[in-house]
Amino acid sequence: MTYIYAKTKAFDRTTVDKNTGEIRQERVTESENSRHRIDFGGSYGTISDAAWELMDDVLMFTNNDKKLLGALIRRRSKTEHGLVRIGPKNKFAKDIGMSIRALHRSFAVLEGAGFIWPLCAETWMLSARWMFNGGGEAHQQALRKIPHWVPDLFHRTSYGKKQTVSSWADLPAAERRPRAA
């Protein structure tokens, strides 16, 4: 189960042949694909590009790991941001088409990567570090509720390795360019 971002659009275009001067009407179809995938479960939840990079390039998630994460995202609560109630694991595994052993392995992988953490046996939280959970203020509240013991592997992505400069004064002197007079 993948969530590949793909958009197709069709439009009419008028072209002129430079040699003959002939005007032609053509129907053009373009498709746009992205390496980074997005959860299309509505406007409510989007997985960050850094999360996909961590899953694909750093931690090498299996299809079962991605399948479980997708199932959790689809079942999350719309009012209690990031909360997922799965019910009995045997029934949940059967519903998403996984064996119970594969389900336990994938839960361990997702928990070890900091994508989820348990609240009780049948209730999990999705980390707001990796996916958008609700509106702006709700997302900020979800970020503040992440326990200190949940791993944060953002530094292992290329996004976490970029040095961001918040102001001109933070730049090293050698990198500053003189301002135009």
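The values are calculated or read from the model by the stated rules, or taken from the named source; none is laboratory data. Because the structure is a prediction, the values reported are computed rather than measured. Every residue, glycine among them, receives a Cβ derived from its backbone with ideal geometry; neighbour counts consider all protein chains shown. Side chains included, ligands, DNA and RNA excluded: accessible areas come from the protein's heavy atoms. Shrake-Rupley method; radii C 1.70, N 1.55, O 1.52, S 1.80 Å.
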With all protein chains modelled, accessible area of M98 [1.4 Å, Å²]: 20 Å²
Accessible area (Å², 1.4 Å probe, nearest 10) - E137: 110 Å²
Pair K18, E122: separation of 7 Å Cα→Cβ label points (nm): 6.9 nm
Computed over segment 75-133: relative contact order in percent, which uses C-alpha pairs under 8 Å that are six or more apart: 38 percent
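Would you list L83, L119 from the most to the least accessible area, probe 1.4 Å?
L119, L83
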